[in-house]
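Take a look at the structure set out below.
The values are calculated or read from the model by the stated rules, or taken from the named source; none is laboratory data. Since we're looking at a predicted model, the values are computed, not measured. Here Cβ is always computed from backbone atoms with ideal geometry, including for glycine, and neighbour counts include all displayed protein chains.
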Amino acid sequence: MQLPLPKHINVQKITEAVLPAKDVDGFHPVNSGKMLQNIPCYLPATPYGIMLLLERYKIETSGKHCVVLGRSNIVGLPVSILLERNSNPGNCTVTVCHSKTKNIEEIAHRADILIAAIGQPEFVTAAMVKNGAVVIDVGITRIKSLETKSGFRLVGDVIFDDVAPKCSYITPVPGGVGPMTITALLKNTLAASKKGIYQ
Ligand code: NAP
């Protein structure tokens with residue numbers, strides 16, 4: 001299933017029609033529930049890709065303050081759960097922000113690891129980021145551009161050039177979380193094609 005679905009289709013109904021053992025997107029409530037309880041399951045691709053990224057670059061997460069901007073079912077909420085779980089990567093103290101959060105700039109500035117997943121182009125400025133922070137930019141928005149052949153360019157939730165000098169690590173858009181999402185989805189698909197992820 002490829003989201004988003006046309007408006008007349010009930011997303012929940014379709015999501016639950018997928019057999020959990022074949023749910024490589026990790027969207028079925030059975031897989032969400034297992035993720036919550038740290039039981040082996042298909043993890044949603046974007047959060048899983050972020051965890052692979054943190055692991056590969058050996059980024060210390062234990063005891064760190066992670067601020068997640070966004071609380072969607074496919075990115076913000078699951079990545080906040082994965083980062084606070086008792087595992088490695090994990091063991092963060094997590095703060096989740098959303099559209100009703102007050103003082104978001106101040107909260108973001110307290111992050112050791114800042115994950116931006118709100119779909120608001122160039123929302124995160126250097127003033128919102130602590131020196132040495134790890135910044136993971138999930139947002140992808142297509143905006144009009146006179147500088148490209150296609151007439152469009154892809155923009156993240158973070159002003160990369162402004163923020164990068166303050167960071168220990170930062171992911172670009174495009175070429176950061178996007179390819180990791182594909183990798184994670186393929187890992188799930190490979191696992192499903194073999195024995196499956198359930199023990
Ligand atoms: P979504 O379902 O629209 O959720 C956006 C979240 O951001 C919501 O929780 C919303 O709060 C919050 N938000 C929106 N504006 C905000 C603001 N000004 N201040 C604080 N919080 C705000 O989006 P999504 O599906 O999670 O995707 C987020 C972004 O990531 C999009 O740009 C999407 O294209 C991108 N994305 C990239 C990948 C990848 O592979 N790189 C994968 C998935 C998504 P409320 O809950 O209060 O409405």
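Rundown of residues vs (1) out of contact with any Cys (no Cβ under 6 Å at 6 or more places or on another chain); (2) in contact (Cβ under 8 Å) with a residue 24 or more places away in the chain; (3) not charged (D, E, K, R), yes/no style:
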| site | (1), (2), (3) |
| --- | --- |
| G33 | yes, no, yes |
| P44 | yes, yes, yes |
| G49 | yes, yes, yes |
| L53 | yes, yes, yes |
| C92 | no, yes, yes |
| K100 | yes, no, no |
| E106 | yes, no, no |
| H109 | yes, no, yes |
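Please pick out the residue among V68, V75, V24, V79 that is within 23 Å of K194 (Cβ to Cβ) and in contact with a Ser or Thr (Cβ under 9 Å, 6 or more places away or on another chain). Spell out how you get there, then give the answer.
Details: V68 fails: within 23 Å of K194 (Cβ to Cβ); V75 fails: within 23 Å of K194 (Cβ to Cβ); V79 fails: within 23 Å of K194 (Cβ to Cβ).
The match here is V24.
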Determine if segment 178-195 includes at least one residue that is out of contact with any strand residue (DSSP E or B) (no Cβ under 7 Å at 6 or more places or on another chain), part of a loop (DSSP other than H, G, I, E, B) and closer than 30 Å to P20 by Cβ. yes
Determine which single condition I107 fails, assuming it passes every other condition in (1) modelled with pLDDT under 95; (2) in contact with a strand residue (DSSP E or B) (Cβ under 7 Å, 6 or more places away or on another chain). (1)
Lone qualifier among G119, G139, G90 - being at pLDDT 95 or above, in a loop (DSSP other than H, G, I, E, B), within 14 Å of the ligand (Cβ to nearest atom) and surrounded by fewer than 23 Cβ atoms within 10 Å (Cβ to Cβ): G119
Here's a check for you: in segment 47-79, which residue that is surrounded by fewer than 23 Cβ atoms within 10 Å (Cβ to Cβ) and of a type in the set (S, T, Y) is nearest to S99 (Cα to Cα)? S72
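Within the group E147, E84, E60, which residue is acidic (D, E), without any contact (Cβ under 8 Å) to a residue 24 or more places away in the chain and in contact with a Ser or Thr (Cβ under 9 Å, 6 or more places away or on another chain)? Let's see the steps before the verdict.
Details: E147 fails: in contact with a Ser or Thr (Cβ under 9 Å, 6 or more places away or on another chain); E60 fails: in contact with a Ser or Thr (Cβ under 9 Å, 6 or more places away or on another chain).
When all the criteria are applied, what remains is E84.
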Please specify each residue of segment 93-116 satisfying the condition of being in contact with a helix residue (DSSP H, G or I) (Cβ under 6 Å, 6 or more places away or on another chain) and part of a helix (DSSP H, G or I). E105, A108
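Could you go through segment 1-9 and let me know if any residue there is surrounded by 21 or more Cβ atoms within 10 Å (Cβ to Cβ) and on the phi < 0 side of the Ramachandran plot.
First, the residues of segment 1-9 that are surrounded by 21 or more Cβ atoms within 10 Å (Cβ to Cβ): none.
No: segment 1-9 contains no residue that is surrounded by 21 or more Cβ atoms within 10 Å (Cβ to Cβ) and on the phi < 0 side of the Ramachandran plot.
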Residues that are closer than 15 Å to V67 by Cβ, near the ligand (Cβ under 10 Å from one of its atoms) and assigned to a strand (DSSP E or B): does segment 156-177 have at least one? no
Do we have K100 as near the ligand (Cβ under 9 Å from one of its atoms) and surrounded by fewer than 12 Cβ atoms within 10 Å (Cβ to Cβ) here? yes
Just to be sure before I move on: is I182 within 16 Å of the ligand (Cβ to nearest atom), in contact (Cβ under 8 Å) with a residue 40 or more places away in the chain and loosely packed, with under 15 Cβ neighbours inside 10 Å in the structure I sent? yes
